[in-house]
Amino acid sequence: MAEQTFYIDEDVGQDEHSQQGTESSPYKSLSFAVLQHGDSHKFLTRKSTTGEVAEGAVESSRLDWKPAAKAALKKAKNYAAQQQKKAAREQELVAQRSKEEADRKKIFDEAKKIVIEEDMSLPKAVKIKLDETDPKKVTLGNGTDVKGTRVRVFGRVHRERRQKDIMFITLRDGYGFMQVIFSGGLSKTYDALTLTRETSMEICGELREVPAGAHAPNSRELHADYFRIVGKAAGGDDAITNRVSRDTEHATLLDLRHLTLRGETASKVLIVRDAVEFAFNQVYKELRMRKVSPPALVQTQVEGGATLFKFRYYSEEAFLTQSSQLYLETCLPSMGDVYCIEKSFRAEKSLTRRHLAEYSHVEAELDFITFDDLLDHLEHVICRVLEVVMDDPTIAQHVKELNPEFKMPERPFMRMKYSDAIDWLVEHHIENEGMEPHKFGDDIAEAAERRMTDIINRPIFLTHFPAEIKAFYMQKDKDDPRVTESVDCLMPGVGEIVGGSMRMYDLDELMAAFKREEIDPATYYWYTDQRKYGTSPHGGYGLGLERFLAWLCKQHTVRDCCLYPRYFGRCAP
Ligand code: 4AD
């Protein structure tokens, strides 16, 4: 190409393809000019035509076109070479990407042609849940064992991975996990190639023991001969793994609780919860206690006005129940010892890891007992519930995985009077909320209580709290009227999981207590009548199910121990 002359005006030139590089349409930089036209031309440059003229300089000097300096030309050449290389690389990448796209499309087009149909000449598949054991021996509904039976399973993709033409899928159905193998045509289908986590599917095949040295749930794997997608799960940015993961913030996990629940930890805790609730029912039945269901909408308070949720009940004021205790007490004369597992509601205004606004309350009430009877009963119920729960191998395994250090509590539980706890706190330099040494009459705050429980590191029955810091209905200790026959059960890691007491059963004493607390006894007529029509020494307790679980499953907060937690600032989803 013949040598041309290009103009570079560093002031008013423009590095645009619309420029021609002529004197009247100059470029701005030498690099741009060389990049456009190569270096075998003549390049004339000039600096500012508009700026101030340096003192002493001749006005015309800045208007003169001068040949580009050698060094500047060399720099521009290097720059141009670099840019050309970069452009070539980008082009290569685009070509590679479109080839990959085409290859993928080809694979997908081929894959779409593969149609999987169930081979009806194979033995009929028996529907099983994923935890049903013994690969070679499937028990049919009629109790007969069938060897080598084909099985049909339903579940969702928990994990998946591909090794060349073999796909390994971990299927989950809430009862267990199963490793499934897709080989041959199955792994080449469009559905298999685009399989996303949480996709729900039906799979048939033969269950075989895993090869020696390999690991899979229940040491078996399903060699699939047929599968069908029931519902595809979102992929890409919307894939479940992009929405909830180990690193997701706790608040987001709670916003996405419906997805978090699909994770192993959340589901294990809730499965343990189901077992614990069932065990309470079993143990109470063993003790011949009757289950009742008191109302949630009430007009009386039990645990102080500060945490009452108030609402308009038609034209009256009413509350969500704080505790079913008072109602349980009214059942004793005709039903014997009773219990309930109901929701309690507390308008707690602080955010702590052990307070919910709505929680499951296991409450019991026992008639004609002493305070010692109450403590013995409580210890028995807690230990027996744990025994029943841990007798189930699946639940025991879940607890072991959630809380590897879990040990059955030693009996008898440590029994410690409140006054001794105050001395213990003073000796251990654990201060009260006013940053002073604890003194008799202080409400032992959550932090101090937890520190004490963690140091002692075993269940504690903390008893005989002063009357002023406890509820109005608690029976006074006849040997020390300053204190009540009350108990909190404290567990390491959580603190208080149970609150209970003997109940004031003398009518006059109870009426005086109402007066002292400035509670109008009129709305409590049904409760005070209890003392009017054949009173009795009785007592009971309430156990927070979520706190019990937080302790058993070693969860940092009770919020992770219920399905959809409600607490200060959260009433959704
Ligand atoms: O100590 P509390 O307030 O006792 C009562 O309600 C009694 N009327 C129960 C009875 O004797 N029937 O509560 C009992 C237990 C506590 O030990 C704790 O485990 C749980 O209920 N609890 C809570 N759990 C979660 N969130 C809250 N806001 C709770 N408040 C109490």
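The values are calculated or read from the model by the stated rules, or taken from the named source; none is laboratory data. Since the structure is predicted, the reported quantities are computational estimates derived from the model, not experimental observations. Methodologically, a virtual Cβ is constructed for each residue, glycine included, from the backbone with ideal geometry; neighbour enumeration extends over all protein chains shown.
Residue-level analysis places Gln475 outside the set of residues that are more than 14 Å from the ligand (Cβ to nearest atom) and touching a residue at least 12 places away in the same chain (Cβ under 8 Å). Before we move on, is Leu374 touching a helix residue (DSSP H, G or I) at 6+ places or on another chain (Cβ under 6 Å), within 24 Å of Gly534 (Cα to Cα) and within 11 Å of the ligand (Cβ to nearest atom)? No: the conditions fail for Leu374.
Here is a list of conditions, (1) part of a loop (DSSP other than H, G, I, E, B); (2) modelled with pLDDT of 90 or more, and Arg246 meets all of them except one; can you say which number that is? Single failed check for Arg246: (2). Listed by position, the strands (runs of 3 or more DSSP E) contained in the stretch 449-500 that have at least 1 residues being surrounded by 22 or more Cβ atoms within 10 Å (Cβ to Cβ) and among the small types (Gly, Ala, Ser) are 486-491. All of Leu563, Leu549, Leu543 fail the test of being within 15 Å of the ligand (Cβ to nearest atom), part of a loop (DSSP other than H, G, I, E, B) and among the aliphatic types (A, V, I, L, M), apart from Leu563. Selection of first residues in the stretch 418-443 that are among the basic types (Lys, Arg) and of second residues that are in a loop (DSSP other than H, G, I, E, B), restricted to Cβ pairs under 9 Å at least 6 apart or on distinct chains, gives the following pairs, ordered by first then second residue: Lys439/Asn432.
Taking His380 as the residue in question, decide whether it is under 23 Å from the mean Cα position of the chain (by Cα) and of a type outside the set (A, V, I, L, M, F, W, C).
Working: under 23 Å from the mean Cα position of the chain (by Cα): no; of a type outside the set (A, V, I, L, M, F, W, C): yes.
Criteria not met by His380.
For the stretch 512-524, how many residues meet the condition of being part of a helix (DSSP H, G or I) and out of contact with any helix residue (DSSP H, G or I) (no Cβ under 6 Å at 6 or more places or on another chain)? Full working, then the answer.
The first filter runs over the stretch 512-524 and keeps only residues part of a helix (DSSP H, G or I), leaving 512-516, 521-524.
Subset that is out of contact with any helix residue (DSSP H, G or I) (no Cβ under 6 Å at 6 or more places or on another chain): 512-513, 515-516, 522-524.
Qualifying residue count for the region: 7.
Scanning the stretch 291-312 for residues that are within 32 Å of the chain's Cα centre (by Cα) and among the polar types (S, T, N, Q) turns up Ser293, Thr307. Kindly evaluate Ser293 against the criterion of being among the polar types (S, T, N, Q), touching a Cys at 6+ places or on another chain (Cβ under 8 Å), under 27 Å from Arg531 (Cα atoms) and within 14 Å of the ligand (Cβ to nearest atom). Spelling it out, it is not the case that Ser293 is among the polar types (S, T, N, Q), touching a Cys at 6+ places or on another chain (Cβ under 8 Å), under 27 Å from Arg531 (Cα atoms) and within 14 Å of the ligand (Cβ to nearest atom). Scanning the stretch 459-516 for residues that are farther than 19 Å from Gly542 by Cβ and of a type in the set (D, E, K, R) yields Glu468, Lys476, Asp477, Lys478, Asp479, Asp480, Arg482, Asp506, Asp508, Glu509, Lys515, Arg516.
Residue count for the stretch 330-345, restricted to those that are more than 19 Å from Glu277 (Cα to Cα) and either crowded, with 23+ Cβ neighbours inside 10 Å or touching a His at 6+ places or on another chain (Cβ under 7 Å) (or both): 1.
Flag set for Pro537, criterion: in contact (Cβ under 8 Å) with a residue 12 or more places away in the chain, more than 8 Å from the ligand (Cβ to nearest atom) and either surrounded by fewer than 21 Cβ atoms within 10 Å (Cβ to Cβ) or within 30 Å of Met452 (Cα to Cα) (or both).
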